[in-house]
Amino acid sequence: MERTLFVKYMVQLLYYIQNVHLSLSNGREVFFDKNGDPPALYDIVNWQLAANGMMQHKTVGSYDTSLVADKRLIINASAVMWPSGYGQVPTSVCSTKCPSGFRRLVIRGAPACCFQCVLCPPGKISNHTDSIDCTKCPKDKWPNHKKDKCLPKVIEFLTYEETLGATLATISITSSVIPIYIFGLFIRYKTTPIVRANNYTLSCLLLLSLFFCFLCSLAFIGYPQPEKCLLRQATFGMAFSFCVSCILAKTIMVVFAFMATKPGSNLIKWANPRVSYMIIAFCSLLQLLLCLCWLSLAPPFPENNMYIKPGFIIIDCNENSPIAFWCMLGYLGFLATFSFIVAFLARHLPDSFNEAKFITFSMLAFLSVWVSFIPAYLSARGKYTEAMEVFAILSSSWALVICMFMPKCFIILLRPDMNSKQHIIGKSKG
């Protein structure tokens, strides 16, 4: 009975309390919520160091639940004194936000608010703060320096418009004029002893092949079109095979011509010009068959290489069969080496018939260029791969022109007194 009366007393009391609403002299209103609790009012204080060195509490704001929600918390920020070194509100996390281009990396064993900011890896970006992970750029794009956006990759190939390509093309075209000029010089002076003594027909064929050797380097400059990729290495291989075959034929004919002059020799039939043509045809045919097999079974094709050089799309020719490429180049090396050996062994033959010394130097220079080319070609990237091959083509071609024809041109143009039968015969006897 008593318990029932107590409960009844607490309920109509709570009823009166909930309906109490008083206004104080300071303008503050007092009331009670449904639980009978008055509104909360708190002072926000800041511990500050006073001039006398003592710590004091200074009111810098308040929290009043009697006000509307957006006005309950009031802070006078200018009155707040933060710890030494802070001029603003410290962050509530132990790590600052990760900017664009970075991602969060959780620190093992640390609270969730603690993390490291690490730069996005190559090929990825983050374009907003506090990224958990980085986004990979499309294949044809690459991150900018800040790694906050993807930019189109730079397209690279050896062009005529850039300095390197224009320089190589100019050298190639200019150089191709030299064999044609020497060819005209030989036609004009074809009856003179210096021209007749060194196999006029083979010399003319060699000059024509050198003309094509210089020009074939142009196939490696410019946009790699399918037709250009298909034929450029084959054209280079055939031009140089014909060139070195002419030199090999000249070398062998020097030996046959000398041996045929010995008493009782039966090699006079091998000194026939037809033999030199057969040598050229046979050596060139082997290279032609190799190139035809390459082009029919594994033809080269243009390729957009996006991985060889970061940030670039390398447009080049995929040779498709490295074995065929190195076999073609190796066959040239074989012809040049064989010519060098024969010419070296024949270098002491009489000078009236002998080009062996010039051939020895020319083949030595030719082999040196292409042996040096191999490591440079393998280590080059992008457009510099083509540039290295063009440089090797021009260098080896110039080596043949200088070693094989410059001494003859010097005599024809500047020392006509040496371009006589008496001088050549006298030199031979000497």
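The values are calculated or read from the model by the stated rules, or taken from the named source; none is laboratory data. Note that the coordinates shown come from a computational prediction; the quantities given were computed from them, not determined experimentally. Backbone-built Cβ (ideal geometry, glycine too); neighbour counts: all protein chains shown. Accessible surface is based on the protein model in full, side chains and every heavy atom, while ligands, DNA and RNA are left aside. Shrake-Rupley method; radii C 1.70, N 1.55, O 1.52, S 1.80 Å.
For the stretch 192-243, state the average projected area of the convex hull of the C-alpha atoms over all orientations, rounded to one decimal in nm².
3.9 nm²
Tell me, rounded to the nearest percent, the portion of alpha carbon pairs in the stretch 157-243 spaced more than 22 Å apart. More than 22 Å apart: 38 percent of the Cα pairs in the stretch 157-243.
Hydrodynamic analysis of the stretch 292-361 uses the Kirkwood radius over alpha carbon pairs. Inserted into Stokes-Einstein at 4 °C and 1.567 mPa s, it gives a translational diffusion coefficient of 83 µm²/s.
Once Rg and the Kirkwood radius are both taken over the C-alpha atoms of the stretch 53-200, their ratio Rg/Rh works out to 1.56. When the surface is traced with a 1.4 Å probe over the full set of protein chains, Lys153 keeps roughly 20 Å² accessible.
Using the alpha-carbon positions of the stretch 129-200, Rg (one decimal) and Dmax (whole number) come out as 27.9, 87 Å. For the stretch 316-397, the square roots a ≥ b ≥ c of the C-alpha gyration tensor eigenvalues yield an a/c of 1.5 or more together with a/b exceeding b/c, which makes the shape prolate. Residues Glu156, Glu161, Glu227, ordered by accessible area of protein heavy atoms at a 1.4 angstrom probe radius and largest first, appear as Glu161, Glu227, Glu156. The dipole here belongs to the stretch 129-287: it is taken about the Cα centre, uses +1 on the Cβ of Lys and Arg and -1 on the Cβ of Asp and Glu, and is about 680 debye. For the pair Cys113 and Asn304, the difference between a 0.36 nm per residue extended length and the Cα-Cα distance amounts to 64.3 nm.
Among Arg232, Arg72, the sequence by solvent-accessible area, most first, with a 1.4 Å probe is Arg72, Arg232. Charge tally around Ala380: other residues with Cβ under 15 Å, Lys/Arg +1 each, Asp/Glu -1 each, net -2.
Simple spin-label estimate for Ile173 and Asp37 gives 9.2 nm between the two label positions (7 Å along the Cα-to-Cβ direction from each Cα). Annotation: for a label point projected 7 angstrom from Cα along Cα→Cβ of Asn272, residues of the stretch 191-212 with backbone N closer than 18 Å are 201-202. Largest to smallest in accessible area, the residues His348, His128 fall in the order His348, His128 (1.4 Å probe, all protein chains included).
For the stretch 168-299, taking Cα atoms only, Rg and Dmax work out to 17.8, 61 Å respectively.
Using a probe of 1.4 Å, the accessible surface attributed to Lys408 totals some 10 Å² when neighbouring protein chains are kept in position.
Sort out for me the Cα centre separation of the stretch 348-418 from the stretch 174-220, rounded to whole Å. The two parts, judged by their Cα centres, are 14 Å apart.
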